[in-house]
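Accompanying notes for the structure given below.
The values are calculated or read from the model by the stated rules, or taken from the named source; none is laboratory data. Not measured: the values here are computed from a predicted model. FYI the Cβ positions are ideal-geometry reconstructions off the backbone, even for glycines, and counts take in every protein chain you see.
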Amino acid sequence: MKRLIISSIFFLSIVSLYANNITDIKASSIPPELLVNANAVIQDYSNSVTIYPSGNGEEKISITTTVLNENGENYSYLAEFYDKYSSISDIKGTVYDKDGKKIRRLEFDEIYDISAITGFSIYDDNRLKYANPKVGSFPYTVVYSFTKKFKSFLVIPGFRVYPGYYVSVQKASYSINLVNGVKINYKGNKRFTYSPSITENKGTKTITWVVENQHSLVQEPLSESIQDIIPSLTIAPENYKFDDYEGSNKSWNELGNWAYKLLKGRDNLPDATVQKIKDLVADKKNDFEKASALYEYMQKKVRYVSIQVGIGGFQPFHAEIVDRYSYGDCKALTNYMMTLLNAVGIKSYYCLVSAGSDSPNIDKEFVCTQFNHAFLMLPIEKDTLFLECTSQQVPFGYNGTFTDDRDVLVVDSTNSFIKHTNVYRKEKNNTVNSFIFKIEPQLDCNIIQKSVYTGVASEPIRYLMEASPEKQRANVLNRFQLKMVKISTLTYHEKRDIVPIITENIEYYVPKIAQVTTNSVIVPFNQVTQMSELKRVSDRKSNIVISRNEFQTDSLIFIVPKEIKADKIPVANSFSSIFGKYKLEVKIEENKIIFIRFVEWNKGTFSPEKYSELLSFQRKINDMDRQVIIFKK
Amino acid sequence: MPNVKVGSVFEISYSYQGIPNSYTIQRGIPVAYSALLFQEHPDLDVRITEIIPYGFSYKSNGTYIAKNVPAFKHEPFITSENDYQLGLEIELIQIRGIIMSYFGRNNSLFATSWDRVAKRFLGYTNFGAELENANLYLVDLVDSIKGKSKNNEELSRNAYEAIKKIKWNRQEACYVSQNLRETYKLKKGNSADINLMLVALLRKLGLQSYPVLFSTRSNGRILKTDPTINKFNYVVAALGLGNEVIYLDATDEYLPYGLIPDKISYCYGLPVIDKTDISPVLIEPTKKDYLFTFTNLVIDSTGTINGAVNLKRLGYNAVNFKNMLKEQPNHDAYIQELEADNSGWVISKSEFNNINDPYADFQEVLNVKYENSITSDVLTIKPLSFIFEKKNPFQKDARELPISFPELKEYTSNVSIQIPNNYKIEELPKSINIFNSDKSITFSYIVNYKGNTISIASKFRVNKPRFEIISYPSIRGMYESMLQKQNEFIILNKI
């Protein structure tokens, strides 16, 4: 009983210590420039991370957020993830009104502990502490504090200055306490320009960063990924241990070799399967054909299912299991594919990658795990192919926007290294559209379209091929400016290859393609491939990023009825900018008008001041595309 | 789930206690076979109402079998799928026998009549009982309202505006979630918390007020002949002033006094009063979706267009627009969307007047500019339409369900275009004036010119809220004509 009282007094004084640290949370005390373009303001964020030599650690976090309007409500929630290797305790939440007066404290039963299984994971030991204070009037302030304990660190929680767009930061601080000589490395991204202060006390080294008065970030079109825009600091332990596997971040080789240890011994296949695949490749002439056949075998046999359990987040399960149950996650399926290839004498390498069409490249200069996916590298003859093992649709050797043009870690027993994946240049990101508009005397029109999508351009079309006919039609109709379109045929064909090609054939009808006036018939020449305009942004802050080179060629052929005669035709032109090129050619033949339109985009990162140049380049293109053909009756 | 492929079959069985309010048979996927066995019980009087777009294959003694029911396809502008999907509504009328002697006679009567329904609601702890409380916390507010009101109408308006300050949590309900005192203290609640609070306040001000229950349009219609307790999902306050009854919903800050929210337009509302011979009353909206725009454009000698667009939004157009604007992250986002919808135009200024005053005319002013980078002797200009619809909501060729608009529409546009001295008019869009057979939809587009000025006056009207399926082609056609005219060009030639 006595101990309980003493610990409660201790507890209370800690609470009041926290309360005293929040000096002025009145909404009116927020500097007015921090209210611009902000749905919420982080008045105070503080995170103190402590790491012990045993490999344990803890975070003590407190966050004071003022929510300004409905769009900032999600910043009033508490949402902290944990799993088998971590725990969250001492959760406190208090709500204050706009004058800093306490409205209420969060009750124990308002803090929910729920499973955090993501939509695509079938089993996940991620859990979540969640609270939603549901306050009525704005602005209001919520203060949360809690402690998170870790059993072992593979990834040390770092520091992101902002939680997202449209939130400003009045003060944010992060400190890391290294007990008894624990070694770490740290590196900020390009936007992280802050210097730490370092102190030492009784064998514990403390490194602290404090950031103040940061204006909110506004989301801008065609910008870098949010991970590159938010200033952030990554912390990597020099050494780590997970379950019983020890590793270090001293070099990519060491990190890769540790990942290899997790793979070892998980490559057994039942004899029956080994025989089956040997038979399958018996008549194949070379390694390329053998690998291609095995890849298709795997695609038909297994399904991708996401499973993230404890070290399962890092270690694949046995190839045998994949073989038996016909499912696995990216690690298991990659390991399985590697095992199949090995059984017929073809060497391949398990690779770790930061996948995703919007993901920034990893920082090669900073060794630590920056990956979220695994796939397979296959050196074949003079080429290097990368195999995506989680898709039943993707052709052998095609990577696309998911894993192209980035550095990946090739995992080996003693010689792991960084390699850059394939880049899809112009001819591998190419669209060719051809349209024939047969205009009838009554000015209705039958249209035949053939579109050929090569490489990266085929990716969105692949999804469309798998969709229902209704969704396909809706997608096609959405591209046009034409009205009352009736689609009669819509078919797809694919040439499966390392650079796949998908062909789309469409036949459709429009009851009225022209505007009829007293003497004329007016037909806009391009009602099918006009570009939607980029948003005008004044005083742009972020870089402009065009991720890949792109080509598009359109031919629009109008077959004109003899009842009308072309009087004024759109003007041809060509122009270019640092962002790309546009060209329009116009040809008149007997009863035909032919337009050849060509657009090219250059891959690159451009400084924000160039945005007005991009807008006027695009404006020029749209002005060209909006031209009309004027016929006389 | 692992191993799911086309052709996989799932078998799911479950059970729960209680009688469901409804049993929906038709769904978004086809139903090959559906059987409901509703065992009759001598002590339970239950009314089963069928919603039958298609018949049952077999129906007898509580057994309903349906076969080969097609998937339900949603169409734009219907009241609710609940009004059209094959299914049953189940309403408890009365409990008899031993159970009745346990509950007592009155407690065993449920939806026997509308009077009984009203009586029950009056007795519920999370409805009528709340109105019985003394509600003493309202005293200060009552005094302050009395202080600034000269007559009953002002009392009720001020009361309405005061309750509108309570924040609605976007939950539609006919039962309160907390007692009225909590609602008043926390300043937030669901629609029942707020509107019953309004009834309580009006009564404390000495006015005649009572709650009115609704099933919203999207929840589905109620029938005057079929009393129900289960179907209601919304409540508003009614006020008797002189000979009039005024309906007030305090959940939407943009609704002016006396305008019902369009989620209950053309619905039946049940007055909850302790009387005999109560009957649901049909509520009709008192305003339209009304938009008036005036556009003034000046084309200079280089072909650049400068102009201003004035938009006046009234009735439901104002309410819906203001609510839409609230969803936008900021004003810039709204301007960017407008520019995206009107390719080539740059909006240099956008201003709103009277956005927070539901009683003043809500106006919007845009300064616009169009610069063509192509120099040519021929100018092709699309007169603006920062107005009307951008896409035809009626895309499909055929329609299965009647069309229902929540309110009538009137969109008027006047455009005045001044052309430069060095150009002459080559082609103008043709004027049209079209309407369907009973003039329930009309569209006129009249083009004129005098000297250097072109003027275009257009008007689109929907004069009735409900259309049978047979009218669909003409409705679709009228919308299409309106959209086509908005996309037509004026051609000017250099002199």
Fill in: Wholly enclosed strands (runs of 3 or more DSSP E) of segment B:273-362 bearing at least 3 residues over 17 Å from the mean Cα position of the chain (by Cα)
B:289-299, B:305-315, B:345-353
Fill in: Test: residue in segment A:199-209 that is at positive phi and in contact (Cβ under 8 Å) with a residue 12 or more places away in the chain
yes
Worksheet entry | Residue check, B:Tyr210 under 30 Å from B:His74 (Cβ atoms), of a type in the set (Ser, Thr, Tyr) and either out of contact with any Pro (no Cβ under 8 Å at 6 or more places or on another chain) or modelled with pLDDT of 95 or more (or both) | no
Worksheet item: For segment A:507-518, what are the residues that are within 11 Å of chain B (Cβ to nearest Cβ) and either farther than 28 Å from B:Asp397 by Cβ or surrounded by fewer than 19 Cβ atoms within 10 Å (Cβ to Cβ) (or both)?
Response: A:Pro511, A:Lys512, A:Val516, A:Thr517, A:Thr518
Worksheet item: Where in segment A:103-207 are the strands (runs of 3 or more DSSP E), entirely inside, with at least 2 residues that are modelled with pLDDT of 90 or more?
Response: A:140-150, A:156-160, A:167-179, A:184-188, A:197-201
Fill in: Odd one out for B:Asn414, checked against (1) within 13 Å of another protein chain (Cβ to nearest Cβ); (2) polar (S, T, N, Q); (3) out of contact with any Leu (no Cβ under 8 Å at 6 or more places or on another chain); (4) in contact (Cβ under 8 Å) with a residue 12 or more places away in the chain
(1)
Worksheet item: Being surrounded by fewer than 17 Cβ atoms within 10 Å (Cβ to Cβ), facing another protein chain (nearest Cβ under 9 Å) and in contact with a helix residue (DSSP H, G or I) (Cβ under 7 Å, 6 or more places away or on another chain), is that true of even one residue in segment B:354-372?
Response: no
Response to the item:
Within segment A:586-633, of all residues that are away from every other protein chain (no Cβ under 14 Å) and acidic (Asp, Glu), the one farthest from A:Val545 (Cα to Cα) is A:Glu590
Discussion item. I'd like to know if segment B:447-469 contains one or more residues that are in contact with an Asp or Glu (Cβ under 6 Å, 6 or more places away or on another chain) and surrounded by 15 or more Cβ atoms within 10 Å (Cβ to Cβ).
Written reply: yes
Worksheet item: Would segment A:372-384 turn up any residue that is outside any loop (DSSP other than H, G, I, E, B), surrounded by 21 or more Cβ atoms within 10 Å (Cβ to Cβ), at pLDDT 85 or above and small (Gly, Ala, Ser)?
Response: yes
Worksheet item: Among the residues of segment A:437-456, is any over 27 Å from A:Phe525 (Cα atoms) and out of contact with any Cys (no Cβ under 7 Å at 6 or more places or on another chain)?
Response: yes
Discussion item. For the condition basic (Lys, Arg) and within 30 Å of A:Ile448 (Cβ to Cβ), what is the one hit in A:Lys610, A:Lys541, A:Lys565?
Written reply: A:Lys565
Fill in: Test result for A:Glu533, acidic (Asp, Glu) and more than 14 Å from chain B (Cβ to nearest Cβ)
no
Worksheet item: Within the group B:Ser348, B:Ser343, which residue is at pLDDT 90 or above and within 12 Å of chain A (Cβ to nearest Cβ)?
Response: B:Ser348
Worksheet item: So is B:Ala192 away from chain A (no Cβ under 14 Å), outside any loop (DSSP other than H, G, I, E, B) and either buried (at least 17 other Cβ atoms within 10 Å of the Cβ) or basic (Lys, Arg) (or both) or not?
Response: yes
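A quick yes/no check of all residues on (1) away from chain A (no Cβ under 14 Å); (2) without any contact (Cβ under 8 Å) to a residue 60 or more places away in the chain; (3) farther than 30 Å from A:Lys300 by Cα:
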site	(1), (2), (3)
B:Lys5	no, yes, no
B:Gln17	yes, yes, yes
B:Thr24	yes, no, yes
B:Arg27	yes, yes, yes
B:Ser34	yes, yes, yes
B:Asp45	yes, yes, yes
B:Ile51	yes, yes, yes
Practice prompt. Return yes or no: is A:Asp567 modelled with pLDDT under 95, touching a helix residue (DSSP H, G or I) at 6+ places or on another chain (Cβ under 9 Å) and surrounded by fewer than 18 Cβ atoms within 10 Å (Cβ to Cβ)?
Written response: no
Worksheet, complete the sentence: Given the conditions (1) within 14 Å of chain A (Cβ to nearest Cβ); (2) buried (at least 20 other Cβ atoms within 10 Å of the Cβ), every one holds for B:Lys187 apart from (2)
Worksheet item: List, please: which pairs have Cβ atoms under 8 Å, are six or more places apart or on different chains, and start with a residue in segment A:450-461 that is within 16 Å of A:Asn549 (Cα to Cα) and end with one that is of a type in the set (A, V, I, L, M) and part of a helix (DSSP H, G or I)?
Response: A:Tyr453/A:Ile461
Worksheet entry | Qualifying helices (runs of 4 or more DSSP H) (wholly inside segment B:78-170; at least 2 residues being crowded, with 17+ Cβ neighbours inside 10 Å) | B:114-123, B:128-132, B:139-147, B:152-163
Discussion item. Of the residues A:Glu440, A:Glu504, A:Glu466, only one is within 14 Å of chain B (Cβ to nearest Cβ) and of a type outside the set (Phe, Trp, Tyr); which?
Written reply: A:Glu466
Worksheet item: Looking at A:Tyr75, A:Tyr45, which one is within 21 Å of A:Lys148 (Cβ to Cβ), at pLDDT 85 or above, within 31 Å of the chain's Cα centre (by Cα) and more than 14 Å from chain B (Cβ to nearest Cβ)?
Response: A:Tyr45
Fill in: Selection within segment A:486-524 - at pLDDT below 90 and either farther than 30 Å from B:Asn448 by Cβ or not assigned by TED's automatic domain parsing to the domain that holds A:Asp444 (or both)
none
Worksheet, complete the sentence: Among helices (runs of 4 or more DSSP H) entirely within segment A:389-490, at least 1 residues that are closer than 30 Å to A:Asn591 by Cβ occur in A:469-479
Discussion item. Looking only at segment A:275-305, how many residues end up being surrounded by 17 or more Cβ atoms within 10 Å (Cβ to Cβ) and farther than 20 Å from A:Tyr398 by Cβ?
Written reply: 3
Discussion item. Out of the strands (runs of 3 or more DSSP E) lying entirely within segment A:517-599, which hold 1 or more residues that are of a type in the set (D, E, K, R)?
Written reply: A:550-559, A:565-568, A:580-589
Fill in: Members of segment B:119-143 that are of a type in the set (A, V, I, L, M, F, W, C) and more than 29 Å from the chain's Cα centre (by Cα)
B:Ala129, B:Ala134, B:Leu136, B:Leu138, B:Val139, B:Leu141, B:Val142
Worksheet item: Among the residues of segment B:376-389, is there at least one that is in a loop (DSSP other than H, G, I, E, B), within 14 Å of another protein chain (Cβ to nearest Cβ) and farther than 24 Å from B:Met478 by Cα?
Response: yes
Item to complete: Would you please name the residue that is farthest from B:Glu153 (Cα to Cα), looking only at residues in segment B:165-184 that are among the hydrophobic types (A, V, I, L, M, F, W, C) and within 11 Å of chain A (Cβ to nearest Cβ)?
Response: B:Trp168
